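Asks: Pasting a structure below so you can have a look.
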Amino acid sequence: MNISKIIKTLKEKNLYRQLKTIEKAEGVYVYIDGKRYINFSSNDYLTLAFDTKLNVNHQKCLENWPAGSGAARLVTGNFSIHEELEKKLAKIKKTETALLFSCGYMANLGILSSILGEKDAIFSDELNHASLIDGCRLSRAKVFIYKHKDTNHLKELLKKNRSKFETVAIVTDSVFSMDGDIAPLDKLLKLAEDYNTYLIIDDAHATGVIGNSSLDFFKEKPTEKTIIMGTLGKALGTFGAFVASTKEIKEFLINRARTFIFTTAIPPHIACMTLENLKEIQPRMARLRRNINLFSKLTGIKRQTAIFPLIIGDSGKALEISEKLFERGFIIPAIRPPTVPEGTARLRITIATGHSEEELEKLAEAIKSLI
Ligand SMILES: Cc1ncc(COP(=O)(O)O)c(C=O)c1O
């Protein structure tokens, strides 16, 4: 692989990526080179990650629980606080159990590569998150891609192919990470039942945003074959992930998911801080809803989730607009291929509980003047 050539080409195509250094974060604000910016690109939807009001509670977690877990869960890294958090998360998702993973990426790899194998098939939405795509590849199952949220296309594919495989799963983001639209989970559940497949739901951007669980949004309940992956690093404001499922699936994952078995358990104090944050979510969800509705009205971009995509198309143009917004005090990095499909470079604006009405109005005005 010619590394220098690849870097040169990325720069020429406006696809080169660079890290921005944040010196301090507080609420919805970040500080870069001593200047304060309003953060409109964080996944900290409930403004829990940098809320100094929570410091006292978090401090108690640090006093009571160690900085690290010292080992994998199956060795000597399984603390009672991990299990306490798992019980709470299962209750929230209305499943029998939950199992913590180090992060969402690893959880998705773990679920897909342990449950599906060479004789099996996965039916995957074309806009699923990279971690689901990589999980599909790792599983070595046959992968069928269905058109985005198109349950007729999915049904056609299932009708033609389901019987050729042993274990089969339908896999989808519930809230799509780059577009903020919502998968038709009620219809997907029905297809999963009709065709006897698992339904694997990635709830990373739904938890704490459109309900405690995306299934709540559709007033549906998980079945024996529903597996929900949720993250702790987004609306819940800490770090890590979990898989909510039946006891039997949890047992299976503990024994077979390599990304659970061969890695260090999340630090116990993080589990404790997540439990503290969970006490905070209900009123913050109500405030987030108000902000989402207001920003929908101000921009004309209709969304029920916290993700508002502003599709620009050209990567260079998206970078230019992002830079101009930065000059005006907003941080909204341009999202470019391969994170999003070719020709759909965008500004992925995210709304949080902590944004004031005035800040939402200021951003809507800035967007109008620049586009
Ligand atoms: C839809 C989706 N799934 C999974 C992940 C991975 O989660 P984590 O950041 O905890 O690894 C992300 C986050 O980037 C995501 O957007």
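The values are calculated or read from the model by the stated rules, or taken from the named source; none is laboratory data. Treat the numbers as computed from the prediction; the structure is a model and nothing was measured. Virtual Cβ from ideal backbone geometry, glycine too; neighbours counted across all protein chains shown.
Asks: List pairs: first in the range 156-180 and closer than 26 Å to Arg348 by Cβ, second of a type in the set (Asp, Glu) and within 10 Å of the ligand (Cβ to nearest atom), Cβ under 6 Å, 6+ apart or cross-chain?
Replies: Once the first residue is closer than 26 Å to Arg348 by Cβ and sits in the range 156-180, its partners that are of a type in the set (Asp, Glu) and within 10 Å of the ligand (Cβ to nearest atom) give Asp173/Asp202; Ser174/Asp203.
Asks: Let me ask you something else. Using the structure shown, decide if Cys103 is over 30 Å from Lys159 (Cβ atoms) and within 16 Å of the ligand (Cβ to nearest atom).
Replies: yes
Asks: If I ask for residues that are of a type in the set (A, V, I, L, M, F, W, C) and farther than 22 Å from Ile335 by Cβ, which ones from the range 1-19 would you list?
Replies: Met1, Ile3
Asks: Let me ask you something else. Read through the list (1) within 14 Å of the ligand (Cβ to nearest atom); (2) acidic (Asp, Glu); (3) without any contact (Cβ under 8 Å) to a residue 40 or more places away in the chain, then give the number of the only condition that Asp186 fails.
Replies: (1)
Residue-by-condition table, conditions (1) among the acidic types (Asp, Glu); (2) under 30 Å from Arg287 (Cα atoms); (3) outside the structural domain of Met229 (by TED's automatic domain parsing):
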position	(1), (2), (3)
Leu138	no, no, no
Lys142	no, no, no
Lys149	no, yes, no
Leu154	no, no, no
Asn161	no, no, no
Asp173	yes, yes, no
Ala183	no, yes, no
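Asks: Between Pro341, Pro283, which is surrounded by fewer than 15 Cβ atoms within 10 Å (Cβ to Cβ) and within 21 Å of Glu26 (Cβ to Cβ)?
Replies: Result of the check over Pro341, Pro283: Pro283.
Asks: Output the residues belonging to the range 12-37 that are exposed (fewer than 10 other Cβ atoms within 10 Å of the Cβ) and more than 20 Å from Lys324 (Cβ to Cβ).
Replies: Matches in the range 12-37: Glu12, Leu19, Thr21, Gly34.
Asks: Listed residues Asp179, Asp134; which is under 20 Å from Pro338 (Cβ atoms), of a type in the set (D, E, K, R) and out of contact with any strand residue (DSSP E or B) (no Cβ under 9 Å at 6 or more places or on another chain)?
Replies: Asp134
Asks: Looking at the range 145-152, is at least one residue among the hydrophobic types (A, V, I, L, M, F, W, C), within 25 Å of Gly110 (Cβ to Cβ) and surrounded by 22 or more Cβ atoms within 10 Å (Cβ to Cβ)?
Replies: Checking the range 145-152: not a single residue is among the hydrophobic types (A, V, I, L, M, F, W, C), within 25 Å of Gly110 (Cβ to Cβ) and surrounded by 22 or more Cβ atoms within 10 Å (Cβ to Cβ).
Asks: Checking the structure you have, find out if any residue of the range 198-206 is more than 16 Å from the ligand (Cβ to nearest atom) and hydroxyl-bearing (Ser, Thr, Tyr).
Replies: Yes, some residue in the range 198-206 is more than 16 Å from the ligand (Cβ to nearest atom) and hydroxyl-bearing (Ser, Thr, Tyr).
Asks: Go through (1) of a type outside the set (D, E, K, R); (2) in contact with a Gly (Cβ under 8 Å, 6 or more places away or on another chain); (3) not assigned by TED's automatic domain parsing to the domain that holds Ala241 and name the single condition Gly70 misses.
Replies: (3)
Asks: When you check Lys250 against the structure, is it within 13 Å of Leu100 (Cα to Cα), touching a Leu at 6+ places or on another chain (Cβ under 7 Å) and not aliphatic (A, V, I, L, M), yes or no?
Replies: Considered against the rule, which asks whether it is within 13 Å of Leu100 (Cα to Cα), touching a Leu at 6+ places or on another chain (Cβ under 7 Å) and not aliphatic (A, V, I, L, M), Lys250 comes out as yes.
Asks: Right, another one. Just to verify a result, which residue in the range 139-153, among those that are touching a Leu at 6+ places or on another chain (Cβ under 6 Å) and more than 19 Å from Val340 (Cβ to Cβ), is nearest to the ligand (Cβ to nearest atom)?
Replies: By that ranking, first place goes to Ser139.
Asks: Moving to a separate point now. For residues that are in a loop (DSSP other than H, G, I, E, B) and over 25 Å from the mean Cα position of the chain (by Cα), scanning just the range 326-371, find the one that is nearest to Arg36 (Cα to Cα).
Replies: Ranking the qualifying residues of the range 326-371, first place goes to Gly329.
Asks: Also, I was wondering about something else. If a residue has to be free of Cβ contacts under 8 Å to residues at least 24 places away in the same chain and under 25 Å from Ala141 (Cα atoms) to count, how many in the range 87-123 make the cut?
Replies: Number satisfying all stated conditions: 1.
Asks: A further question on this structure: Here is a list of conditions, (1) among the aliphatic types (A, V, I, L, M); (2) touching a strand residue (DSSP E or B) at 6+ places or on another chain (Cβ under 9 Å); (3) crowded, with 20+ Cβ neighbours inside 10 Å, and Ile371 meets all of them except one; can you say which number that is?
Replies: Every condition holds for Ile371 apart from (3).
Asks: With the range 215-325 as the region, which strands (runs of 3 or more DSSP E) entirely inside it contain at least 3 residues that are within 16 Å of the ligand (Cβ to nearest atom) and not assigned by TED's automatic domain parsing to the domain that holds Asp181?
Replies: 307-313
Asks: Quick one: which of Lys155, Lys142, Lys160 is in contact with a Phe, Trp or Tyr (Cβ under 8 Å, 6 or more places away or on another chain) and among the basic types (Lys, Arg)?
Replies: The unique qualifying residue is Lys142.
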